[in-house]
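Everything below concerns the one structure shown next.
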């Protein structure tokens with residue numbers, strides 16, 4: 001049986017077993033390092049008399065951790081055999097997709113290298129299921145297709161279900177009612193390099209526009225967090241001259257155009273933890289973070305931003321950001337957890353994950369090209385508020401309305 005459940009469920013069980021084993025190994029390494037330090041101190045005071053005690057301790061601890069690992073292996077084998085009989089498809093349910101999305105954000109590049117069924121290919125999704133990019137499949141999935149597509153890209157460790165935050169109608173559903181546009185949700189593996197996802201998105205848009213049931217007249221690309229970077233990368237890498245000419249607007253919601261402080265903090269913490277034997281296992285664990293997470297150090301959207309660089313080097317080279325795509329209006333939204341953006345705490349924390357200057361692509365040294373008048377700031381909000389917020393929608397709606405649909409005399 002080669003169905004999705006037959007592949008995804010055992011893969012989840014196997015991954016859980018592997019990650020538990022790695023966690024046990026990490027704990028054992030910390031235990032061993034701490035014990036070595038303690039016994040070294042005891043030898044200074046008691047000499048070789050400490051040696052027998054250390055031998056006994058090491059033998060017992062090794063046996064215990066080996067037994068734990070064996071138990072995890074047996075449980076994993078049992079789980080794999082049982083999950084084959086489950087008929088659900090995790091990646092097509094909100095809960096399952098959310099869990100897999102988090103895994104992909106953390107180690108999605110590793111899963112892709114292992115050809116795991118848990119590493120999704122970039123795809124259009126409707127109700128969690130993949131929609132093949134063929135005229136027939138698209139016509140079936142989008143029976144009310146229009147020529148104005150609003151294409152949505154989620155962020156790191158998210159899926160298209162993230163846009164349903166709060167149980168309210170999504171931006172795409174509301175735009176369909178108010179503008180007559182068609183919502184197109186994309187899911188991608190957020191653990192891959194942003195440039196890889198950008199290249200794949202560019203190809204998907206090529207195919208989508210050519211196979212869409214009706215002629216495409218307008219494209220609006222909307223991304224949350226990393227999704228905005230993937231959109232910029234796709235626009236930068238686009239080879240086909242057709243679909244970029246259809247892009248009227250891009251909208252970046254809480255996107256770390258200049259990088260994210262959390263990604264930089266994890267990078268520096270990893271380097272620091274690796275300096276000492278007792279903390280090195282934790283540094284190794286953090287060092288497993290995905291290529292997508294690493295790209296957020298600078299907001300790297302092009303392959304030459306990371307190619308031929310040491311991803312673990314404490315100092316990371318600056319990147320040369322490509323310009324925004326010409327011919328489209330580039331909108332952006334930032335947020336701060338404080339109501340006033342100039343509040344000292346808000347200036348330091350931003351929306352909790354992204355700083356205001358990074359979200360606007362502008363600081364004292366860099367200006368990516370976003371215009372101040374094309375931005376919105378939401379106070380008293382956090383990073384995930386921007387996924388589904390009335391203030392954001394009310395600001396965005398008139399800016400996405402096709403100009404030819406405006407009443408006569410309206411600028």
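Nothing in this text is a laboratory measurement; each read-out follows from the coordinates by a stated rule. Keep in mind that what you see is a predicted model, and the values were worked out from it rather than measured. As a convention, Cβ positions derive from the backbone with ideal geometry for all residues, glycine included, and neighbour counts pool all protein chains shown.
Could you list 91, 233 so that the one with the fewest beta carbons within 10 Å of its beta carbon is first and the one with the most is last?
Ordered from fewest to most neighbouring Cβ atoms within 10 Å, 91, 233 come out as 91, 233.
Calculated FRET efficiency, residue 217 and residue 94, Cβ-Cβ r, R0 35 Å, to nearest 0.05?
FRET efficiency, residue 217 to residue 94: 0.60.
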Want the number for residue 114 to residue 371: 0.36 nm per residue separation, take away the alpha-carbon distance, what's left? 88.3 nm
For 389, 127, order by how many other beta-carbon atoms lie within 10 Å, fewest first: 127, 389
Once residue 126 and residue 399 are pulled to full extension, the length gained, defined as 0.36 nm per residue separation minus their Cα-Cα distance, is 95.7 nm
For an R0 of 25 angstrom, estimate the FRET efficiency from the Cβ-Cβ distance between residue 357 and residue 391 and round to the nearest 0.05. 0.75
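Taking 35 Å as R0, compute the FRET efficiency from the Cβ-Cβ separation of residue 318 and residue 343 and round it to 0.05.
Working: r = 29 Å, r/R0 = 0.84.
Computed FRET efficiency for residue 318 and residue 343 comes out at 0.75.
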Taking 0.36 nm per residue of separation between residue 304 and residue 242 and subtracting their Cα-Cα distance, the length gained on full extension comes to 19.8 nm
